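The values are calculated or read from the model by the stated rules, or taken from the named source; none is laboratory data. All values derive from a computational prediction rather than experimental measurement. Neighbour counts run over all protein chains shown; Cβ positions are idealised from the backbone, glycine included. Please note that ligands, DNA and RNA were not included when accessible areas were found on the heavy atoms of the full protein model with its side chains. Shrake-Rupley method; radii C 1.70, N 1.55, O 1.52, S 1.80 Å.
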Amino acid sequence: MIDRRLADLVPPFLFGLVFLALWELVVRAAGVPTIILPAPSAIAARFLVSIPTLAADFWQTVKGMLAGYVVGCGSGLLVAILVDRSDFLRRGLLPMGNLVSALPIVGIAPIMVMWFGFDWPSKAAVVVVMTFFPMLVNTVAGLESASAMERDLMKTYAASDWQTLTALRLPAALPFVFNALKVNTTLAMIGAIVAEFFGTPIVGMGFRISTEVGHLGIDMVWATILVAALSGSAFYGIVAAIERRVTFWHASFRTKGA
Amino acid sequence: MDTASMTRPAAEGGSAPNEPVIEVSDVSLRFDTRDGPVHALAHVNLKVARGEFVSFIGPSGCGKTTLLRAVADLETPTEGDIRVEGMSTEEARLKRRYGYVFQAPALYPWRTVARNIALPLEIMGFSKAEREERVRKGLELVNLEGFGAKFPWQLSGGMQQRASIARALSFDPDILLMDEPFGALDEIVRDMLNQQLLRLWEVTGKTVLFVTHSIPEAVFLSTHIVVMSPRPGRITDVITCDFPRDRQLEIRETPEFLAIANRVRHGLRAGHSYDA
């Protein structure tokens, strides 16, 4: 099992290595200016000397991202259950959620800064707005996903609505919920970084990118992008790993052996 | 022939042996579809006594599944009345008188086999100790000892259907409603499950309503066979089938068995004749 996982890592690792080597080669051979594209070695060097700054930026941004992710996903899930209980709420809330999800992030980010101040809570608010709706629509669809036969079964047991929800419809919705959780990792990352373009204390990944572009510190921009890419992938990977553990029974993960 | 009466003293004990457990009176059921109304059932009458094993047989669209679902309160008749142990179907459902076995096992994939069997017990509020005991007995009853910790998708189709039967029996309902439970399985597995089902019926003395497509299956299992025909769905014949309760597969070779099978076949053919 462990051996196979290691073996699975070899091809992407090799591809990445070759890609970096080609990148380095082209930049050096063609003499591409650093402003246009720094070589991987230059980015790595900048990364290594800037670890304290990058770490501070990372924590600042992650605070807003995680807080927004938890609140956005959590409220999306709860509202989905409410919407499911009442047709009135469904007809009222779903179109509103639709509208909110269509709001441009560059428009709401400055407004959130006015409402919640310069620090991370305003970034969290932007992330809440971005992650809420995907969770809402996915969960609503997931709650509908149990088959007619599975529902009839609960009916023959004279199960209450609440029992049907907890024993059947919520577990059946889990694959949809995890879909939203995974999509939202990316949205939360983008939201938290972009929101920092519109007012922030002098720390944070979005702040770093916007200021370093101004100073032509392109290698620092790339080092920050590297941090964002690594942490974004790790965040997604963690959620995907939890998904595997929780919805192991779903057709896409099943193993006959167990 | 629209009316069929089939009360007779039940073999096993019950409070009032002559009182029908299920009484269907002049039931019609119409589905309003986009293409106009579909008459799934038209003026169906039927009485089932305690402890009977009644099979429903007929071509697709004859309403046999609809009738079973109406008895279980999963469909509501447009006209007529169904009484179950003197109650309305809804009361009987709320009092958990039915165990229903569907065409597919409908086991929840996130629960182990044991926890699937325990599902109705959890919903009905049985204690943990009671649940464990009943699950153990249930697994034993359908020959699935040792498979309780497996997940449904790790079992064969036949084993899954057996688990769903154990689940339907776990809370000890008076009436077992089975909708083509073995339809998707191959002959050999089906024979084996039929024998197990007969043994189960003999041991538990439950009243069984059983929908099937298969003539030999119906004749082998039943005390009564209800032959139905489509458009509109109605009962055309009720055939008594009084082999001993502990019948073996070998009775399928006997002239008596073949005679009954023939009568069922003729009944089915008569129902078909006008829409060929």
With a 10 Å cut-off between alpha carbons and a GNM built on chain B, which of B:ARG34, B:ARG69, B:ARG136 moves the most? B:ARG34
Mind grabbing the interface size between A and B? I mean buried accessible area, both sides, 1.4 Å probe, in Å² to the nearest hundred. 2400 Å²
Based on DSSP, what percent of beta bridges with both residues in the protein assembly as shown are antiparallel, to the nearest 5? 55 percent
Surface accessible to a 1.4 Å probe, per residue, for the residues of chain A, Å²: 53 Å²
Convex hull (Cα only) mean projected area of chain B, reported in nm² to one decimal: 15.1 nm²
For region B:113-223, with every protein chain kept in place, what is the accessible area per residue (1.4 Å probe, Å²)? 36 Å²
Most fluctuating residue given options B:LEU221, B:LEU197, B:LEU29, as computed from a GNM of chain B linking Cα atoms under 10 Å: B:LEU197
Structure-based [θ]222 nm, chain A - -39500 (n - 2.57) summed over DSSP H runs of at least 4, per residue, nearest 500: -27000 deg cm²/dmol
Could you sort B:LYS206, B:LYS137 by accessible area so the largest value comes first, with the probe set to 1.4 Å? B:LYS137, B:LYS206
Collect residues whose amide H, placed 1.01 Å from N in the peptide plane, falls under 5 Å from the amide H of B:VAL21; neighbours closer than 5 in sequence don't count. B:VAL48, B:ALA49, B:ARG50
Quick one: how many Å² of B:GLU132 are accessible to a 1.4 Å probe, rounded to 10? 110 Å²
What are the ³J(HN,Hα) couplings of region B:43-58, residue after residue, when phi is run through the Karplus curve with 6.51, -1.76, 1.60 and θ = phi - 60°? Round to Hz, x for glycine and proline. 6, 8, 10, 6, 10, 10, 8, 4, x, 6, 10, 10, 9, 10, 10, x
Hydrophobic long helices for chain A, i.e. whole DSSP H runs reaching 27 angstrom or more by Cα along the axis with Kyte-Doolittle mean at least 1.0, come out as A:2-30, A:51-85, A:120-143, A:170-195, A:218-246
With all protein chains present and a 1.4 Å probe, how do B:GLU187, B:GLU90, B:GLU85 order by accessible area, largest first? B:GLU187, B:GLU90, B:GLU85
To the nearest 10 square angstrom, what accessible area does B:VAL38 show with a 1.4 Å probe? 70 Å²
Checking A:LEU170, A:LEU14, A:LEU153 against a Gaussian network model of chain A (alpha-carbon springs below 10 Å), the top fluctuating residue turns out to be A:LEU14
List the lysines whose Cα lies under 19 Å from the Cα of B:LYS47, skipping any in the same chain that are fewer than 8 positions away. B:LYS64, B:LYS206
If you roll a 1.4 Å probe over the protein assembly as shown with all protein chains in place, what percent of the accessible area is carbon or sulfur? 63 percent
Go through region B:109-137 and flag every residue whose accessible area shrinks by 20 Å² or more with all protein chains in place compared to the isolated chain (probe 1.4 Å). B:PRO109, B:TRP110, B:LEU119, B:ILE123
FRET efficiency (A:SER145, A:TRP59; Cβ distance; R0 45 Å; to 0.05) is 0.75
Size of chain A as Cα extents on the principal axes (Å, biggest first): 74, 53, 28
Residues whose built amide H sits under 5 Å from the amide H of B:MET178, excluding neighbours closer than 5 in sequence, are B:VAL101, B:LEU209, B:PHE210, B:VAL211
